Every structure is written in C-alpha cells, then in structure tokens.
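For reference, the structure is listed below as structure tokens.
The values are calculated or read from the model by the stated rules, or taken from the named source; none is laboratory data. Please read these numbers as outputs of a predicted model, since none were measured by experiment. As a convention, Cβ positions derive from the backbone with ideal geometry for all residues, glycine included, and neighbour counts pool all protein chains shown.
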Amino acid sequence: MIRLVDICRTYDLGGNPVRALVDVTEEIASGEHLAIMGPSGSGKSTLLHVLGCLDRPDAGRYELDGRDVSALDDDALSLLRRHTIGFVFQSFHLVPRLTARENVELPMVFAGVPAAERRERAMAKLRAVGLEPRASHRPDQLSGGERQRVALARATVLEPKLLLADEPTGNLDGASGRHVLEILSRMNADGLTLVVVTHDPAVARRARRLIVLRDGHVVFRGSGEQIHEAVELLSTGDGEGDAAPAPGRP
C-alpha cells in the first residue's frame with residue numbers, strides 16, 4: 001500500500017537546518033499494523049505527517065496505492081486525505097460545542113454526504129465503538145476514553161484505507177487505553193492499515209511490526225514481539241539493529 005524511498009525532511013530553525021528524516025526507505029503492506037517508536041525529536045511525528053500528506057518531504061518518493069503522492073497538488077492531496085486516510089491524535093481534537101454524533105458527522109459534512117445518511121452512518125460508527133447511548137453528549141460530558149472512541153469513530157466514518165494514530169492512548173488511564181487498543185486491533189483485523197506512533201512498549205507490542213527512529217534514521221526493524229530489543233536500543237542509544245529480512249518487510 002505504501003512505499004517510501006529515500007525520504008528526507010529538513011526544517012530550518014533559526015537559520016539552523018534540522019534533519020527530521022534522513023533517507024527513510026520503508027514499505028507498509030495493505031492491512032498491516034506498524035508501530036513507530038523513538039525518543040523525542042527522532043522524527044516519529046514528521047514521518048506520520050508525511051505518511052498522512054500533511055507535510056511534504058524535501059527529497060525521495062512516496063507512493064500510496066501506486067500513486068506518486070509528491071506529484072499531487074494541494075487539492076488532490078486534500079481529497080486523498082479525506083477519503084483514504086484517517087487521523088487519531090493524543091488530544092482528541094473534538095469540537096467542544098458539538099455532540100458525539102455531530103463530531104462523527106463532521107467529515108461527512110465536508111464530503112457532501114446528505115444529512116440523513118450522515119446521521120445513520122455516524123450512529124453506526126458510535127455503535128461500533130460502544131458509544132451509541134452517548135451520542136447526544138458533548139465532549140465535556142465524556143470521559144477521556146469515550147472522547148478517544150468518538151475520535152476513532154470520526155476518523156473512520158468515511159471508511160479510509162489507512163489510519164494514522166499519534167500516541168492514541170497517551171492521555172488515557174490503563175483501562176481506557178486498553179479498550180481503545182482493542183478497538184484499533186479489531187479495525188486492523190477487519191483490513192484497515194494501521195500505523196501507530198507510541199512511546200509505550202505495551203502499545204507497540206500489539207503491532208505486527210515495529211520500527212525505531214533516531215535522529216531521523218530508521219535504526220531498528222522487527223516484529224512487535226521483539227519489543228524488548230527495541231526498548232533496550234532506546235535505553236542504551238547503541239548502534240543500529242535490523243531484525244527484518246528487508247526494508248519495510250515483516
């Protein structure tokens with residue numbers, strides 16, 4: 001589904017170049033569950049933004065479903081994000097004055113879906129995440145776990161092929177976090193390609209495959225079951241590891 005070849009991204013901070021991504025080459029298969037780990041400033045969020053077409057690389061090639069994303073203009077990228085990619089963030093990003101149902105309907109408003117269909121589809125998504133009884137509640141009337149489940153429903157209501165999650169359990173207690181992870185795993189089992197940025201080994205362990213970034217470089221590739229090796233690498237800062245037979249392949 002995704003093919004990255006020698007992706008680079010450099011930012012100018014006060015006249016000083018900061019290399020956020022350096023020659024990242026990776027493949028993510030359709031239906032895969034990938035976890036991305038790394039210390040703060042390692043390039044995790046930048047990579048997620050590039051994958052989500054929220055940021056453009058300075059060099060390299062990004063193919064999504066066989067299309068060269070770098071060749072698309074802003075309007076085409078906007079359509080691609082709307083219909084192909086879903087986003088979930090640590091801070092939920094719900095609209096405070098809207099109910100849970102109205103928040104889930106929001107992407108469909110911009111997509112021009114008729115009102116009756118919007119309501120039906122939003123309620124079906126809330127039902128899928130166990131929140132149908134809370135459909136009329138605003139975000140301030142919901143717990144953190146419930147707000148994240150609303151965000152999940154909203155992110156997937158247009159049936160994207162790819163879901164990008166940036167620290168999706170970072171603001172949640174243990175029980176709520178596990179509930180959200182179970183929903184994500186179920187979505188992935190149903191065929192949704194899932195990419196999760198996380199600092200939490202318990203979250204990364206659920207992934208089929210994980211990569212570790214350091215200073216913009218991929219320094220480790222392995223399965224989710226190899227999380228202890230990844231954590232050891234993160235704690236020591238030693239060298240480069242590669243537990244996968246080829247870049248981007250489980």
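Observations on the structure shown:
- Consider segment 59-71 and keep the residues that are surrounded by fewer than 17 Cβ atoms within 10 Å (Cβ to Cβ), of a type outside the set (Gly, Ala, Ser) and out of contact with any Asp or Glu (no Cβ under 9 Å at 6 or more places or on another chain). The one that is modelled with the highest pLDDT is Glu63.
- When each of Asp65, Asp58 is tested for being in contact with a Cys (Cβ under 8 Å, 6 or more places away or on another chain) and of a type in the set (Asp, Glu), the lone residue that passes is Asp58.
- Any hit, segment 161-183, residues being hydroxyl-bearing (Ser, Thr, Tyr) and in contact with a Gly (Cβ under 6 Å, 6 or more places away or on another chain): yes
- Output for segment 197-250, where each listed residue is of a type in the set (S, T, N, Q) and modelled with pLDDT of 90 or more: Thr198, Ser223, Gln226
- Residues in segment 166-206 that are in contact with a Ser or Thr (Cβ under 7 Å, 6 or more places away or on another chain), in contact (Cβ under 8 Å) with a residue 60 or more places away in the chain and in a helix (DSSP H, G or I): Val203, Ala204.
- Within segment 113-165, tally of residues that are of a type in the set (Val, Ile, Thr) and assigned to a helix (DSSP H, G or I): 2
- Total residues in segment 21-58, condition touching a His at 6+ places or on another chain (Cβ under 8 Å), buried (at least 21 other Cβ atoms within 10 Å of the Cβ) and within 27 Å of Ala111 (Cα to Cα): 0
- Sole exception among (1) surrounded by 24 or more Cβ atoms within 10 Å (Cβ to Cβ); (2) within 22 Å of Leu80 (Cβ to Cβ); (3) in contact with a strand residue (DSSP E or B) (Cβ under 6 Å, 6 or more places away or on another chain) for Arg154, by number: (3)
- Selected residue (criterion: nearest to the chain's Cα centre (by Cα)) from residues of segment 103-131 that are crowded, with 16+ Cβ neighbours inside 10 Å and farther than 21 Å from Phe87 by Cβ: Met123
- Hits in segment 1-46 (condition: in a strand (DSSP E or B), free of Cβ contacts under 8 Å to residues at least 24 places away in the same chain and out of contact with any Gly (no Cβ under 9 Å at 6 or more places or on another chain)): Tyr11, Asp12, Leu13, Asn16, Pro17
- Residue check, Thr84 in contact with a Gly (Cβ under 9 Å, 6 or more places away or on another chain), in contact (Cβ under 8 Å) with a residue 40 or more places away in the chain, β-branched (Val, Ile, Thr) and closer than 25 Å to Gly31 by Cα: no
- Any hit, segment 82-98, residues being assigned to a helix (DSSP H, G or I), within 28 Å of His199 (Cα to Cα) and out of contact with any strand residue (DSSP E or B) (no Cβ under 9 Å at 6 or more places or on another chain): yes
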